[in-house]
Structure formats: structure tokens, C-alpha cells
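Worksheet: the structure to be examined is printed underneath.
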Amino acid sequence: MWISLLLLAFTLSIDALGIGAAYAVKKVTIPFHAKIIIGIMSIFIMWGSALIGQGMSAVLPKWCTNYLGLLILFLMGAIFIHNGLTNGEANDYDINDSKKIESGESILLAVALSADSISVGMAVGALQMSWFLLGIFVGLLQLFFLCIGLYIVGKGKKFATINSRISGMISGAMLILIGILRAFF
């Protein structure tokens with residue numbers, strides 16, 4: 001179970017690496033308080049969507065919620081791969097062009113980074129997986145990857161090639177793999 005949770009958290013958080021790298025290339029800073037807002041919001045978005053999934057599992061038969069949860073994982077994986085192949089460049093959430101992500105902008109960025117967590121969180125809740133721990137892992141890994149992306153590019157390394165296209169395809173493949181593993185084990 002721990003491995004599945006960590007893989008899911010990794011999958012849902014890897015796009016923060018591309019966002020961090022993209023902002024470092026653009027010389028946009030993300031202050032500490034904004035990073036904390038992003039991490040905390042990621043946790044709460046995951047928890048909320050997992051509770052919705054648990055609510056579905058209370059109403060629907062277990063076989064139905066299991067299939068629904070697996071279907072969501074497979075569909076999200078396919079969507080991530082498709083988006084990675086077709087577009088996937090990071091949006092600019094520095095709305096006021098201040099070269100700094102401020103509190104309000106960090107909320108928008110957190111929602112964008114956590115959008116995939118909504119459907120996956122519902123799947124996790126429906127599959128009766130440990131959503132509480134997953135939310136913590138997602139929030140911490142979002143923060144970690146965002147900082148790593150900012151740090152590595154900020155230090156002048158050639159890491160900017162890890163953009164949201166590549167991270168999206170990796171995330172999609174991992175979601176499909178987790179769905180397959182969950183279906184058989």
C-alpha cells in the first residue's frame with residue numbers, strides 16, 4: 001500500500017518540477033509563504049476529492065466504485081500522456097508580471113497543480129485507499145519538486161528541458177501502471 005501511495009503522490013506532483021524549472025528560466029521567484037500555500041492547498045484538494053470518492057463508495061456497490069476508480073486512473077493517465085504529446089507548456093501564473101508569485105497567484109498555481117488530484121483523489125476514495133496519507137505525500141512532494149525545479153535551474157544547470165510535457169507523459173504512464181497494479185493486486 002505504501003508503494004502505491006508514494007507512486008500516486010509522485011505522479012500527481014512531478015508536474016511541479018516542470019513548473020519550478022519554467023519559472024526559474026523566466027526568473028520568476030516563488031517566496032517561501034507562496035510555496036507553503038501551494039503545499040497546503042494541494043493537501044486539502046486531495047482530501048476533499050477523496051472524501052467525495054468515499055461518499056460515492058457509500059452509495060454505490062463496491063464492484064462499481066472499484067471499476068469507477070480504476071477507470072478514472074486509466075483515463076487520467078491517457079489524458080496526461082495525450083496532453084504531454086500535444087501541448088503541456090506551463091501557464092504563467094505571475095498575473096501582475098512582478099517576477100514573483102504572490103499569495104493570490106500561489107492559490108491559482110496550487111489549484112492548477114492540483115487539478116489532476118481531484119479526479120485521482122475521487123478514485124482513491126472510491127477504491128478505499130488511504131487518502132489521508134496520500135494528501136500529505138502529495139502536498140510534501142509538490143513542495144519538494146517545485147523547490148527542486150527552481151533550485152536546479154536557478155543554479156544554472158541544464159535542467160529546463162524537463163518541462164510539463166515530459167512530466168505529464170511520465171505521470172500518465174505511472175497512473176496507468178498504478179491502475180493495472182491495483183486491478184490485479
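On a per residue basis, the convex hull of the C-alpha atoms belonging to the stretch 1-81 measures out at 113 Å³. Close lysine pairs were tallied over the chain: pairs 8 or more places apart or on different chains with Cα atoms under 19 Å apart number 17. A probe of 1.4 angstrom, applied to the heavy atoms of all protein chains, finds Asp94 with accessible area near 10 square angstrom.
Here the accessible area of the stretch 1-108 is 73 percent carbon and sulfur, with a 1.4 angstrom probe and all protein chains present. On the principal axes of its alpha carbon atoms, the stretch 42-85 extends 37, 26, 8 Å, with the longest extent given first. Full extension of the chain between Tyr151 and Ile95 gives 18.0 nm of extra length, using 0.36 nm per residue less the Cα-Cα distance.
Taking every Cα-Cα distance in the stretch 52-135 and sorting them into 10 Å bins from zero, the calculated P(r) comes out as 17, 34, 28, 17, 4, 0 percent. Phe137 contributes about 40 Å² of solvent-accessible surface, heavy atoms of the protein only, 1.4 Å probe.
A quarter of the convex hull surface defined by the alpha-carbon atoms of the chain gives 9.9 nm² as the mean projection. Under a 5 Å amide H cut-off, with hydrogens placed 1.01 Å from N, Lys100 pairs with Thr29 among residues at least 5 apart or on other chains.
The values are calculated or read from the model by the stated rules, or taken from the named source; none is laboratory data. Every value quoted in this text rests on a predicted model; they were computed, and no experiment measured them. In case anyone asks, the SASA skips ligands and DNA or RNA and just uses the protein heavy atoms, side chains included. Shrake-Rupley method; radii C 1.70, N 1.55, O 1.52, S 1.80 Å.
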